[in-house]
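Notes follow once the structure below has been shown.
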Amino acid sequence: MHLTLIETGGTICMTAGPNGLRPAPEKVAAALALIAPGLTLDHQKLDPLIDSADLGPAIWNALLDRIAAAPGPVIVTHGTDTMAFTGAALEAAGVGQGRAVVLTGSMHPLGLPGSDAEGNLALAIETALGAKPGLHLAFGGQVLPAGAVSKLDSQDAAAFAPAGDLAPPPAPPARRFDIGRSVGIVTLTPGLSPRALAAALGTLDGAVLRVFGAGTMPAALAETLMAAKGKPMIAVSQCLKGGLEPGAYAAGAPLWAAGVENGGLMSAEQALARLWLRLSAAPPTA
């Protein structure tokens, strides 16, 4: 069976160096050869391999191109810190239709005693070769929908859990992310000043607003938000489950009056990816 491995970097491929952990480019392919001997492997790597903290829309575009060109199932190895963002981005762009695409990584490098890396790779292979078409995350003994997860633990091997909207996403308005756009997540917090919110929104082409509970916000920010009316904005809950309920609380009325879109059950990662693609399909503003 033919399998494409796209290696981006992250903890899974690292080895000890004089200044700490550093990428070892052949480590993942060697481990796959031991776990699944006889597998026909097309091993592709980012050059250089990177920490997932530096992975964003430009790499998402590269992954989309490589996945589209692959003849069969695909495994993408990835650092854990932004894995949920990449999963949401690939899902928003329609990845997983007609083939199995599996994201995986680890909390500890391959080859260390007690590492979770070998188990995650084995689960990724099993999922890629045996699962129904779709976009999956193989991690910590679980196979999860890669487009609807969040990283919940910075230390435990079971670091991810389902989060966000599990329904199929809308048809992608674009197939690539416009890296010239500036889209970000703004978390509303008690005491956040109108000046700080205005500064954040002023630098963005579109924003995901992480609001309280079922959809409330500080009253002191209402005028600032209204001044930004017309800017593409999506509200999501700071809670991982339950989503938003517009109209339930008067403290949420300024959101909807300012034209902020109800993100419903979406996670912040999903909202960011979908908004970015939507802006990528629109003509640039003057």
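The values are calculated or read from the model by the stated rules, or taken from the named source; none is laboratory data. The shown structure was predicted, so the numbers you read here are calculated from the model rather than taken from an experiment. No Cβ is skipped: glycine too gets one built from the backbone with ideal geometry, and neighbour counts run over all protein chains shown. Heads up: the accessible areas ignore ligands, DNA and RNA and are worked out on the full protein's heavy atoms, side chains in. Shrake-Rupley method; radii C 1.70, N 1.55, O 1.52, S 1.80 Å.
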For Ala214, the residues 5 or more places away or on another chain with a placed amide H closer than 5 Å to its own amide H are none
Everything considered on the Cα gyration tensor (a ≥ b ≥ c; rounded for a/c under 1.5, else prolate if a/b is larger than b/c, else oblate), the range 25-152 must be described as rounded
Work out, step by step, the length gained on full extension between Leu112 and Gln238: first 0.36 nm times the residue separation, then minus their alpha carbon distance; give nm to one decimal.
41.8 nm
Peptides ranked, highest mean first, by Cβ atoms within 10 Å: ranges 22-30, 44-52, 118-126
118-126, 22-30, 44-52
Specify the residue with the greatest mean-square fluctuation among Trp256, Trp276, Trp60, computed from a Gaussian network of the chain linking alpha-carbon atoms under 10 Å apart.
Trp256
Work out the count of Lys pairs in the chain where the Cα-Cα distance is under 27 Å, with the pair 8 or more places apart or on different chains.
8
With every protein chain kept in the model, how would you rank Leu265, Leu209 by accessible area, 1.4 Å probe, largest at the top?
Leu265, Leu209
So, with points 7 Å from each Cα along the Cβ direction, the Arg175-Ala69 label distance in nm works out to 1.4 nm
Report the residue, chosen from Leu55, Leu64, Leu192, that carries the largest GNM mean-square fluctuation when the chain is represented by alpha-carbon nodes joined by springs under 10 Å.
Leu192
Calculate the spin-label point distance for Trp256 paired with Glu126, positioning each point 7 Å from the Cα along the beta-carbon direction, and give it in nanometres.
4.6 nm
Heavy atoms of Thr8: accessible area, 1.4 Å probe, square angstrom to 10:
0 Å²
Amide N of the range 61-81 lying under 15 Å from the label point, which is placed 7 angstrom from the Cα of Ala53 along Cα→Cβ
79-81
Using only helices, what value at 222 nm comes out for the chain when you add -39,500 (n - 2.57) per DSSP H run of length 4 or more and divide by the total residues, to the nearest 500 deg cm²/dmol?
-8000 deg cm²/dmol
Let's see if you can work this out: charge +1 on each Lys and Arg Cβ, -1 on each Asp and Glu Cβ, no other charges. What is the dipole magnitude of the chain about its Cα centre, in debye to the nearest 20?
600 debye
Under the rule of at least 5 residues apart or a separate chain, name every residue whose amide H is placed under 5 Å from the amide H of Gly264.
Leu244
In square angstrom, what is the accessible area per residue of the chain with a 1.4 angstrom probe?
44 Å²
Heavy-atom accessible surface of the chain: percent carbon and sulfur, 1.4 Å
57 percent
Under the rule of at least 5 residues apart or a separate chain, name every residue whose amide H is placed under 5 Å from the amide H of His136.
Val101, Val102, Leu103, Ala146
Evaluate the relative contact order of the chain (contact order divided by residue number), counting alpha-carbon pairs under 8 angstrom at least 6 apart; express in whole percent.
16 percent
